[in-house]
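Single-structure report; data block below.
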Amino acid sequence: MGWLSKIFKGSDHNISEGHYHENYEEKPNVYAPSASGDVWPEQEDEEMDRAIALSLLEESQPGKHVIDESQLQEDEQLARALQESLNIESPPAPPPPPQYRNPNAYHPGNIYQPAPVHFPMGFRICAGCNNEIGAGRFLHCLNAYWHPECFRCHACNLPIADYEFSMSGNYPYHKTCYKDRYHPKCDVCKHFIPTNLAGLIEYRAHPFWNQKYCPTHEHDNTPRCCSCERMEPQDTGYVPLNDGRKLCLECLDSAVMDTSLCQPLYMDIQQFYESLNMKVEQYVPLLLVERQALNEAREGEKNGHYHMPETRGLCLSEEQTISQVRKRFGGGQRPMDMITEPYKLIRRCDVTAILILYGLPRLLTGSILAHEMMHAWMRLKGYQPLSQDVEEGICQVMAHMWLDTQLNFESSSSSTGSRADSRAPFDKKLGSFFKHQIESDSSPVYGDGFRAGQLAVRKYGLQRTLEHIQMTGRFPF
């Protein structure tokens, strides 16, 4: 019965494993067959038959039927071992690691990290379905084994059959699915933002609105909204103004387009100053003008005040003739009936008029008006000429304070279901943007001046800060 030992020897064979190194390149070992049991080669079958025949021949010969006790015990032990190996059930498959677990599969009870389990040669567990991989093709990637149909994209949940795939964290994706989910799209042209010469994705982003766009749009004359500074998407038309500026439709909805429409806002600013015990005693005309008229008035001003490259407001102290704007909107949200008329400014005091650029949203127009009103208030109160950073800084503080009151009022006002309430979220966002502009201004006059003035007002209060400025010409520290 020495043929039993040949049976165990015949089970020693090699089964190649499939290796999948993050791609589907067709290699001989990618889809190598896998089996959970042993395979009997034909040569070993012939040898086993020959051993059985020899054993039967020995038993049939008379006088040679000799029982070797030691050999018999060894054969019985081998037979028992064979029987036990055939009766052993496959060990329970451990749950796959969390990153390979099928989100649609049901996993009762608590999930633990699998402990190392030693399986017989050829025993493999699919990390997708948690079942044994039998004979046939399989994948070996991400330190796990998979049925080809179980290795699926985390986005579309379809099998990944491409030569290459992408990874995000511990999840595999089709390259197209990964690009759709993670590759940024330009908010202007709506295309995927291209890579640069180094193969990296390079784009520009607005610091407040998080609008992402291709770097080329900074040089291809793509227009920006003159109010919120967002670039114009190619599928959204901005409204052109007569002086060359463009306005987005959201900012247009609350834009102040002529002098008469600005008068209620002017009254609100005056009440704001009165609430701070800073009433402007004399009447100061308020005019809305085009950009060209505002620039001409700035050139005619002789007091040498510093102004931004894009001037939006001006407090005049010289006698001039200004063209004010009267404007109405017709159909199609396009400007119509542009009317300008001269306005003679007569100097009755140190302030002749306040000029504001037309076509800006209410909150931006109001913050500019609050800034210029502070210039007028200090001149009427007899303040001596101040350094630019101090005067512009305290004016920016007043504009910032007015925006705060407007945003707090909108947050506390009850909803009435009106059209204004539907605009409230954008108006609040827009007001926050105007505050952000003041706070993040990098100029030494407007930016540094505002931060120094705000620090002084927070520490000493507005009235004590103004008294100190009037006496010393500087912010208190």
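The values are calculated or read from the model by the stated rules, or taken from the named source; none is laboratory data. Please read these numbers as outputs of a predicted model, since none were measured by experiment. A quick note on method: Cβ atoms are made from the backbone with ideal geometry, for glycine too, and the neighbour counts reach across all protein chains shown. Heads up: the accessible areas ignore ligands, DNA and RNA and are worked out on the full protein's heavy atoms, side chains in. Shrake-Rupley method; radii C 1.70, N 1.55, O 1.52, S 1.80 Å.
Can you tell me which residue within region 180-210, out of those that are of a type in the set (D, E, K, R) and open to solvent by less than 90 Å² (accessible area, probe 1.4 Å), is nearest to CYS141 (Cα to Cα)?
So in region 180-210, the residues of a type in the set (D, E, K, R) come out as 180-181, 185, 187, 190, 202, 204.
When the remaining residues are screened for being open to solvent by less than 90 Å² (accessible area, probe 1.4 Å), the result is 187, 202, 204.
On the way: ASP187: 37, GLU202: 31, ARG204: 37 Å.
Only one residue fits best here, namely GLU202.
Taking strands (runs of 3 or more DSSP E) that do not extend beyond region 124-180, which have at least 1 residues that are among the hydroxyl-bearing types (Ser, Thr, Tyr)? Write out each step before concluding.
On the way: elements: 139-141, 144-146, 166-168, 171-173.
Answer list for region 124-180: 144-146, 166-168, 171-173.
Please verify whether region 126-134 includes one or more residues that are farther than 27 Å from MET231 by Cβ, more than 26 Å from the chain's Cα centre (by Cα) and modelled with pLDDT under 85.
Taking every residue of region 126-134 in turn, at least one turns out to be farther than 27 Å from MET231 by Cβ, more than 26 Å from the chain's Cα centre (by Cα) and modelled with pLDDT under 85.
Mind listing whichever residues of region 211-256 are open to solvent by 50 Å² or more (accessible area, probe 1.4 Å), more than 18 Å from PRO425 (Cβ to Cβ) and acidic (Asp, Glu)?
GLU218, ASP220, GLU229, ASP235
Within region 342-360, work out how many residues are at pLDDT below 60, touching a strand residue (DSSP E or B) at 6+ places or on another chain (Cβ under 8 Å) and in a loop (DSSP other than H, G, I, E, B).
Filtering region 342-360 for residues at pLDDT below 60 gives 343-349.
With touching a strand residue (DSSP E or B) at 6+ places or on another chain (Cβ under 8 Å) added as a condition, the list becomes 343-345.
Still in the running and in a loop (DSSP other than H, G, I, E, B): 345.
Within region 342-360, residues that are at pLDDT below 60, touching a strand residue (DSSP E or B) at 6+ places or on another chain (Cβ under 8 Å) and in a loop (DSSP other than H, G, I, E, B) number 1.
If you check THR236, THR216, which single one turns out to be under 25 Å from GLY359 (Cα atoms) and either in a helix (DSSP H, G or I) or among the polar types (S, T, N, Q) (or both)? Full working, then the answer.
Details: THR216 fails: under 25 Å from GLY359 (Cα atoms).
None of the other options fit; the residue is THR236.
Out of everything in region 429-444 that is in contact with a helix residue (DSSP H, G or I) (Cβ under 8 Å, 6 or more places away or on another chain) and not in a helix (DSSP H, G or I), what residue ends up being most open to solvent (accessible area, probe 1.4 Å)? Walk me through it before giving the result.
We begin by selecting, within region 429-444, every residue in contact with a helix residue (DSSP H, G or I) (Cβ under 8 Å, 6 or more places away or on another chain); these are 430-432, 434-435, 438-441, 444.
Cutting the leftovers down to not in a helix (DSSP H, G or I) gives us 441, 444.
Details: ASP441: 32, PRO444: 92 Å².
That would be PRO444.
Go over the candidates GLY447, GLY453 one by one and state the one that is in a helix (DSSP H, G or I), in contact (Cβ under 8 Å) with a residue 24 or more places away in the chain and over 23 Å from the mean Cα position of the chain (by Cα).
Numbers: GLY447 fails: in contact (Cβ under 8 Å) with a residue 24 or more places away in the chain.
Sole residue among the options that is in a helix (DSSP H, G or I), in contact (Cβ under 8 Å) with a residue 24 or more places away in the chain and over 23 Å from the mean Cα position of the chain (by Cα): GLY453.
Would you mind stating whether SER412 is open to solvent by 30 Å² or more (accessible area, probe 1.4 Å), at pLDDT 90 or above and out of contact with any strand residue (DSSP E or B) (no Cβ under 6 Å at 6 or more places or on another chain)?
Numbers: open to solvent by 30 Å² or more (accessible area, probe 1.4 Å): yes; at pLDDT 90 or above: no; out of contact with any strand residue (DSSP E or B) (no Cβ under 6 Å at 6 or more places or on another chain): yes.
Here the answer is no, as SER412 does not meet what is asked.
Answer yes if at least one residue in region 255-272 is without any contact (Cβ under 8 Å) to a residue 40 or more places away in the chain and small (Gly, Ala, Ser), and no otherwise.
Of all residues in region 255-272, those without any contact (Cβ under 8 Å) to a residue 40 or more places away in the chain come to 261, 263-264, 267, 271.
With small (Gly, Ala, Ser) added as a condition, the list becomes none.
Scanning region 255-272 turns up no residue that is without any contact (Cβ under 8 Å) to a residue 40 or more places away in the chain and small (Gly, Ala, Ser).
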